[in-house]
1. Conditions first: (1) modelled with pLDDT under 95; (2) surrounded by 13 or more Cβ atoms within 10 Å (Cβ to Cβ). LYS120 passes all but one, so which condition is the exception?
2. Sort through ARG64, ARG44 and tell me the only one that's part of a loop (DSSP other than H, G, I, E, B) and under 14 Å from ARG85 (Cα atoms).
3. Of the residues that sit in the range 79-120 and are closer than 20 Å to ASP66 by Cβ and charged (D, E, K, R), which one is farthest from the chain's Cα centre (by Cα)?
4. Taking only the range 4-37 into account, find how many residues are at pLDDT 50 or above and assigned to a helix (DSSP H, G or I).
5. For PHE49, all conditions in the list (1) touching a helix residue (DSSP H, G or I) at 6+ places or on another chain (Cβ under 8 Å); (2) under 20 Å from ILE112 (Cβ atoms) hold save one; what is the number of the exception?
Amino acid sequence: MKKISILFAAIVFAVGCGNGYDSVNAQEFAEALENPDVQIIDTRTPQEFSEGHIPGAVNIDLDREDFFEQMDCLDKDKPVAVYCRGGRRSKIAAERFVGKGFEVTELDGGIITWEGEIEK
């Protein structure tokens, strides 16, 4: 009986820890970007974005007051790939996108882990 209780607790914990989005490494993120429908979102500041970003990315600064308004301009029927500098902001943004019904892939570790092309 004790083993069953422990197993049940582990299952409940694992299910409860789901965040609703995929947090992936740079290689897996690059693979997600191969989807022609993906909407690439850079959640950094405009200054950070101008210093270099993933080609095709749209800058929606997580810290702006109109973040949710800008998010609402995106197509919920298309997947979203989000990133920031180190991964903290993109995880927050990913949760917000999931809350609005988007399918989300997040670059774990941010653009500093990115090995692909950078556009300035």
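The values are calculated or read from the model by the stated rules, or taken from the named source; none is laboratory data. Note that this is a predicted model, so its numbers are computed, not measured. Here the Cβ is made from the backbone with ideal geometry for all residues, glycine too, and neighbour counts use every protein chain on show.
1. (2)
2. On the way: ARG64 fails: under 14 Å from ARG85 (Cα atoms).
Of the residues listed, the single one that is part of a loop (DSSP other than H, G, I, E, B) and under 14 Å from ARG85 (Cα atoms) is ARG44.
3. This residue is LYS100.
4. 7
5. Condition (1) is where PHE49 drops out.
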